[in-house]
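The values are calculated or read from the model by the stated rules, or taken from the named source; none is laboratory data. Predicted, not measured: the structure shown is a model, and the values here were computed from it. Cβ placement follows ideal geometry from the backbone for every residue including glycine, while neighbour counts extend to all protein chains displayed. Note: accessible area is taken over every heavy atom of the protein model, side chains too, but ligands, DNA and RNA are not part of it. Shrake-Rupley method; radii C 1.70, N 1.55, O 1.52, S 1.80 Å.
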Amino acid sequence: MTELQLAAALLDAALRGAAIALLLLIALRIRRDSAPVTPSTPATARARSAARLLTLFTLALCIQIVSSTPLFERSLSSTWQALPVGISVGNSVLFWLFVQLLFDDDFELRRWHALPWLFMFASGLTFALSFGEGTPATTVHLVTQALIRWLPLLFAVLTMVAAVRRWSADLVESRRQLRAFVVVAGCVYTAVMVALRLNAGHGMLAAPAALVDIAFLLVIVAVPTVAVVRLRPGELFAPASTPAGTAVPAPVQADADTTSDPQEQPLLANLHALMADQRAYAQENLTVASLAQQLKVPEYRLRRAINRSLGHRNFNAYVNEFRLRETQAALRDPLQSHLPILTIALTAGFQSIGPFNRAFKALTGQTPSEYRQQSTSPTAQADK
């Protein structure tokens, strides 16, 4: 080995070690944010699910970082490489799931989410086992080779879609910035790695290409590490929905949060008047941008006020709080018992019956029909 090759190998090892250290730091930070809390709530349960998934992804990505070194790929037989290859291929699914948990407050892990990972893992495992040095490629090898090259690209696209989805309604500024990075970095890294792998023999990267790979990966890991470490405890994850059976809290008054920025008090007062008194929540296709325009303030100021002073992470959840209060009151009102539930939902600002039914049941544990029947029953009236 020449001095240049030795220096490249040492640099490669240093970059891989740094990437692994940053991954472990992210895992520790998120585990701290998801520490067990009593009593358990949807927020803590969801945070623990994300922490477990991130722990698996961190370990799997560490295996990928180690096993993708040129020395590892060329020193071990395909049989010994099969397990790391399968794990590495499955990482695209784990990352897709984690991004959804991080960016979508309504996303929940389901058992069926294990199926795409198992398929990707099996494809990578079969590819490695079907490859023999100096032997002609079999049909199984060619098919699995195509799968492990192009399916990760598909999941990379799905990951970027998950990062973009509901971006406009996200009120956590650090998380919004992280979304942008995931999209841009994901596009660049995916394009570069597909090009390198397509030009590599049997999918194995040469030393210069492997160095480019780990350098890109280190940058991609470093930026989220800084963003995640800077987040305050409790900012990473939120409950998927309000626990069933919980009443909708009264919309927060402008002076309810004494810890908020005093400069935001006039904005909060105007916001409360517009939402509670003028029923801005019932406007069709209401967005942060349109609401900021009505209040004549920059969009970022409105996002910050709703997030930091009123405690909301998602604009749609904030607006739905007002809508659900109105629909609950209407369903309890005997004078409105003749109105169809769809009419009540549309009047409150919901665009269709489906989202309304889901939000209402997540809140109360009952369908709107069940809630109306129980609230207007003779027994309920007598209790009043």
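What to note about this one:
- A count restricted to the range 314-363 and to residues that are assigned to a loop (DSSP other than H, G, I, E, B) and either touching a residue at least 60 places away in the same chain (Cβ under 8 Å) or surrounded by fewer than 21 Cβ atoms within 10 Å (Cβ to Cβ) (or both) stands at 8.
- Pair list, Cβ < 9 Å and 6+ apart or interchain, from the range 281-310 residues that are under 17 Å from Gln265 (Cα atoms) and in contact (Cβ under 8 Å) with a residue 40 or more places away in the chain to residues that are open to solvent by 30 Å² or more (accessible area, probe 1.4 Å) and assigned to a helix (DSSP H, G or I): Tyr300/Glu173; Arg303/Glu173; Arg303/Arg176; Arg304/Glu173; Asn307/Glu173; Ser309/Gln265
- A Cβ distance below 7 Å, combined with a sequence gap of six or more or placement on separate chains, defines the contacts here; from the range 64-93, residues that are of a type in the set (Asp, Glu) reach residues that are at pLDDT below 80 in the pairs Glu73/Met204.
- Residue match in the range 65-74 (condition: among the basic types (Lys, Arg), part of a helix (DSSP H, G or I) and at pLDDT 75 or above): no
- Selected residue (criterion: modelled with the lowest pLDDT) from residues of the range 286-312 that are in a loop (DSSP other than H, G, I, E, B) and surrounded by fewer than 20 Cβ atoms within 10 Å (Cβ to Cβ): Gly311
- Number of the condition not met by Asp383 [criteria: (1) modelled with pLDDT under 90; (2) of a type in the set (Asp, Glu); (3) closer than 25 Å to Met275 by Cβ]: (3)
- Taking the conditions (1) over 20 Å from Ala169 (Cβ atoms); (2) at pLDDT below 75 in turn, Gln265 satisfies each one other than (2).
- Candidate set: the range 167-179, residues that are at pLDDT 85 or above and among the basic types (Lys, Arg); chosen: the one farthest from the chain's Cα centre (by Cα): Arg176
- Filter pass, Ala47 being assigned to a helix (DSSP H, G or I), surrounded by 17 or more Cβ atoms within 10 Å (Cβ to Cβ), modelled with pLDDT under 85 and touching a Leu at 6+ places or on another chain (Cβ under 6 Å): no
- Each residue in the range 90-119 was checked for being of a type outside the set (S, T, N, Q), closer than 26 Å to Leu171 by Cβ and in a helix (DSSP H, G or I), and 8 of them qualify.
- Residue count, the range 165-177 (criterion: of a type outside the set (S, T, N, Q), open to solvent by less than 70 Å² (accessible area, probe 1.4 Å) and part of a helix (DSSP H, G or I)): 2
- Filtered residues of the range 56-77 (kept if open to solvent by 60 Å² or more (accessible area, probe 1.4 Å) and not polar (S, T, N, Q)): Leu56, Leu59, Ile63, Val66, Leu71, Arg74, Leu76
- Test: Gln283 is loosely packed, with under 14 Cβ neighbours inside 10 Å, modelled with pLDDT of 50 or more and closer than 23 Å to Phe356 by Cβ: no
- Set side by side, the residues Val194, Val183, Val229 differ, and just one is at pLDDT below 80, open to solvent by less than 60 Å² (accessible area, probe 1.4 Å) and assigned to a helix (DSSP H, G or I), which is Val194.
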